[in-house]
Amino acid sequence: MSSPRRNLKADLRTGIGTGLGFAAACSVMATIAFGLSVLMGSSQELTTALGLNFPTAISTYLVGGLMGGVIFGLLQPLRSSVLGSFTIGTLSSFPISLGFMPAAVSRADWFPEGVIVALAISMIIGGGLGAVYHAEPQSGK
(Lines give C-alpha, C1' and ligand atoms only; values in the text may rest on other atoms or scores of the structure.)
Protein backbone atom coordinates (compact mmCIF):
# COMPACT_ATOMS: atom_id res chain seq x y z
CA MET A 1 0.00 0.00 0.00
CA SER A 2 1.49 3.33 -1.00
CA SER A 3 1.34 6.37 1.22
CA PRO A 4 -0.55 9.44 0.00
CA ARG A 5 1.53 11.97 -1.89
CA ARG A 6 2.61 14.92 0.20
CA ASN A 7 1.41 18.40 -0.72
CA LEU A 8 4.35 20.54 0.44
CA LYS A 9 2.70 23.78 -0.68
CA ALA A 10 -0.40 23.04 1.42
CA ASP A 11 1.75 21.98 4.40
CA LEU A 12 3.74 25.23 4.21
CA ARG A 13 0.58 27.31 3.85
CA THR A 14 -0.90 25.59 6.91
CA GLY A 15 2.35 25.94 8.85
CA ILE A 16 2.83 29.61 8.07
CA GLY A 17 -0.82 30.31 8.88
CA THR A 18 -0.49 28.49 12.20
CA GLY A 19 2.78 30.28 13.05
CA LEU A 20 1.41 33.71 12.20
CA GLY A 21 -1.82 32.95 14.08
CA PHE A 22 0.21 32.06 17.16
CA ALA A 23 2.29 35.22 16.68
CA ALA A 24 -0.87 37.32 16.38
CA ALA A 25 -2.35 35.84 19.58
CA CYS A 26 0.89 36.48 21.48
CA SER A 27 1.07 39.99 20.02
CA VAL A 28 -2.45 40.73 21.28
CA MET A 29 -1.45 39.59 24.77
CA ALA A 30 1.73 41.71 24.61
CA THR A 31 -0.29 44.70 23.40
CA ILE A 32 -2.67 44.33 26.33
CA ALA A 33 0.20 43.99 28.81
CA PHE A 34 2.08 47.00 27.42
CA GLY A 35 -1.15 49.00 27.10
CA LEU A 36 -2.09 48.35 30.72
CA SER A 37 1.41 49.31 31.82
CA VAL A 38 1.07 52.63 29.97
CA LEU A 39 -2.35 53.29 31.55
CA MET A 40 -0.94 52.52 34.99
CA GLY A 41 2.12 54.68 34.37
CA SER A 42 4.55 51.80 34.70
CA SER A 43 5.59 51.23 31.08
CA GLN A 44 9.21 52.14 31.81
CA GLU A 45 9.34 49.62 34.67
CA LEU A 46 7.85 46.89 32.44
CA THR A 47 10.31 47.63 29.65
CA THR A 48 13.21 47.57 32.10
CA ALA A 49 11.98 44.38 33.80
CA LEU A 50 11.49 42.55 30.50
CA GLY A 51 14.64 43.89 28.90
CA LEU A 52 12.85 44.73 25.66
CA ASN A 53 10.44 47.30 24.33
CA PHE A 54 7.05 46.87 22.70
CA PRO A 55 8.16 47.00 19.01
CA THR A 56 10.92 44.48 19.70
CA ALA A 57 8.48 42.08 21.39
CA ILE A 58 5.97 42.29 18.52
CA SER A 59 8.62 41.89 15.82
CA THR A 60 10.10 38.90 17.70
CA TYR A 61 6.68 37.25 17.77
CA LEU A 62 6.06 37.92 14.08
CA VAL A 63 9.49 36.83 12.80
CA GLY A 64 9.60 33.85 15.18
CA GLY A 65 6.04 32.89 14.25
CA LEU A 66 6.84 33.02 10.54
CA MET A 67 10.02 30.97 10.96
CA GLY A 68 8.29 28.52 13.30
CA GLY A 69 5.42 28.21 10.85
CA VAL A 70 7.77 27.25 8.03
CA ILE A 71 9.36 24.61 10.29
CA PHE A 72 5.89 23.41 11.31
CA GLY A 73 4.86 23.04 7.68
CA LEU A 74 8.04 21.29 6.58
CA LEU A 75 7.86 18.73 9.38
CA GLN A 76 4.20 17.73 8.94
CA PRO A 77 5.07 14.16 7.84
CA LEU A 78 6.42 13.58 11.38
CA ARG A 79 3.05 14.14 13.04
CA SER A 80 1.99 10.51 12.69
CA SER A 81 3.60 9.72 16.05
CA VAL A 82 3.55 11.38 19.46
CA LEU A 83 7.35 11.73 19.33
CA GLY A 84 7.09 13.32 15.89
CA SER A 85 4.47 15.78 17.13
CA PHE A 86 6.67 16.56 20.13
CA THR A 87 9.59 17.22 17.76
CA ILE A 88 7.47 19.48 15.53
CA GLY A 89 6.28 21.47 18.55
CA THR A 90 9.79 21.79 19.95
CA LEU A 91 11.46 22.88 16.72
CA SER A 92 8.66 25.18 15.57
CA SER A 93 8.56 27.07 18.88
CA PHE A 94 12.35 27.37 19.06
CA PRO A 95 12.64 30.56 16.90
CA ILE A 96 10.36 32.53 19.25
CA SER A 97 12.09 31.17 22.36
CA LEU A 98 15.49 31.98 20.90
CA GLY A 99 14.33 35.45 19.87
CA PHE A 100 13.58 36.37 23.47
CA MET A 101 16.80 34.95 24.95
CA PRO A 102 18.86 38.17 24.63
CA ALA A 103 16.32 39.80 26.94
CA ALA A 104 16.34 36.87 29.37
CA VAL A 105 20.07 36.26 29.79
CA SER A 106 23.07 38.57 29.76
CA ARG A 107 24.82 39.13 26.46
CA ALA A 108 27.92 37.39 27.82
CA ASP A 109 25.89 34.27 28.67
CA TRP A 110 23.82 34.23 25.50
CA PHE A 111 25.75 31.37 23.93
CA PRO A 112 25.54 28.52 24.80
CA GLU A 113 23.42 29.14 27.92
CA GLY A 114 20.72 31.15 26.15
CA VAL A 115 20.42 28.57 23.39
CA ILE A 116 20.11 25.76 25.93
CA VAL A 117 17.45 27.68 27.88
CA ALA A 118 15.54 28.42 24.65
CA LEU A 119 15.65 24.75 23.71
CA ALA A 120 14.43 23.70 27.16
CA ILE A 121 11.54 26.18 26.99
CA SER A 122 10.69 24.98 23.48
CA MET A 123 10.69 21.36 24.60
CA ILE A 124 8.45 22.08 27.58
CA ILE A 125 5.96 24.41 25.90
CA GLY A 126 6.13 23.60 22.19
CA GLY A 127 6.96 19.93 22.54
CA GLY A 128 4.38 19.52 25.28
CA LEU A 129 1.66 21.14 23.17
CA GLY A 130 2.70 19.05 20.18
CA ALA A 131 2.39 15.85 22.18
CA VAL A 132 -0.92 16.87 23.77
CA TYR A 133 -2.49 17.92 20.47
CA HIS A 134 -1.04 15.00 18.56
CA ALA A 135 -3.28 14.13 15.65
CA GLU A 136 -3.25 10.87 13.74
CA PRO A 137 -3.30 11.40 9.98
CA GLN A 138 -6.55 10.46 8.25
CA SER A 139 -6.48 6.85 7.08
CA GLY A 140 -8.35 7.19 3.81
CA LYS A 141 -11.87 7.33 5.27
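The values are calculated or read from the model by the stated rules, or taken from the named source; none is laboratory data. Note that the structure is a prediction, hence the values are computed from the model and not measured. Note that we place each Cβ from the backbone using ideal geometry, even for glycine, and neighbour counts take in every protein chain shown.
The table below gives the values:
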item	result
Identity of the residue in region 100-113, among the small types (G, A, S) and assigned to a helix (DSSP H, G or I), that ends up modelled with the lowest pLDDT	A108
Qualifying residues in region 89-116 (those that are more than 16 Å from T60 (Cα to Cα) and of a type in the set (S, T, N, Q)) - the one surrounded by the fewest Cβ atoms within 10 Å (Cβ to Cβ)	S106
Whichever residue in region 31-60 is small (G, A, S) and surrounded by fewer than 16 Cβ atoms within 10 Å (Cβ to Cβ) and, among such residues, is nearest to the chain's Cα centre (by Cα)	S59
So A49, is it closer than 21 Å to H134 by Cα, in a helix (DSSP H, G or I) and without any contact (Cβ under 8 Å) to a residue 24 or more places away in the chain	no
Residues located in region 34-62, provided they are among the small types (G, A, S), in contact with a helix residue (DSSP H, G or I) (Cβ under 7 Å, 6 or more places away or on another chain) and under 26 Å from T18 (Cβ atoms)	A57
Cross-chain or 6+ apart pairs with Cβ under 7 Å, region 93-106 first and more than 11 Å from L52 (Cα to Cα), then of a type in the set (F, W, Y)	I96/Y61
Pairs with Cβ under 6 Å, 6+ apart, first in region 114-139 and under 13 Å from S81 (Cα atoms) and modelled with pLDDT under 90, second in a helix (DSSP H, G or I) and of a type in the set (V, I, T)	H134/V82
Residue in region 79-90 that is part of a helix (DSSP H, G or I) and farther than 23 Å from A131 by Cα present	no
Output for region 1-34, where each listed residue is aliphatic (A, V, I, L, M) and either under 21 Å from G89 (Cα atoms) or in a loop (DSSP other than H, G, I, E, B) (or both)	M1, L8, A10, L12, I16, L20, A23, A24, A25, M29
Boolean, G65 is surrounded by 19 or more Cβ atoms within 10 Å (Cβ to Cβ), assigned to a helix (DSSP H, G or I) and either of a type in the set (D, E) or touching a helix residue (DSSP H, G or I) at 6+ places or on another chain (Cβ under 8 Å) (or both)	yes
Any hit, region 73-88, residues being buried (at least 16 other Cβ atoms within 10 Å of the Cβ), of a type in the set (S, T, N, Q) and touching a Ser or Thr at 6+ places or on another chain (Cβ under 6 Å)	no
Residue tally, condition among the aliphatic types (A, V, I, L, M) and over 21 Å from D11 (Cβ atoms), over region 63-106	5
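The rows are residues; the columns are (1) under 14 Å from the mean Cα position of the chain (by Cα); (2) modelled with pLDDT of 95 or more; (3) not β-branched (V, I, T).
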residue	(1), (2), (3)
V63	yes, yes, no
M67	yes, yes, yes
F72	yes, yes, yes
G84	no, yes, yes
L98	yes, no, yes
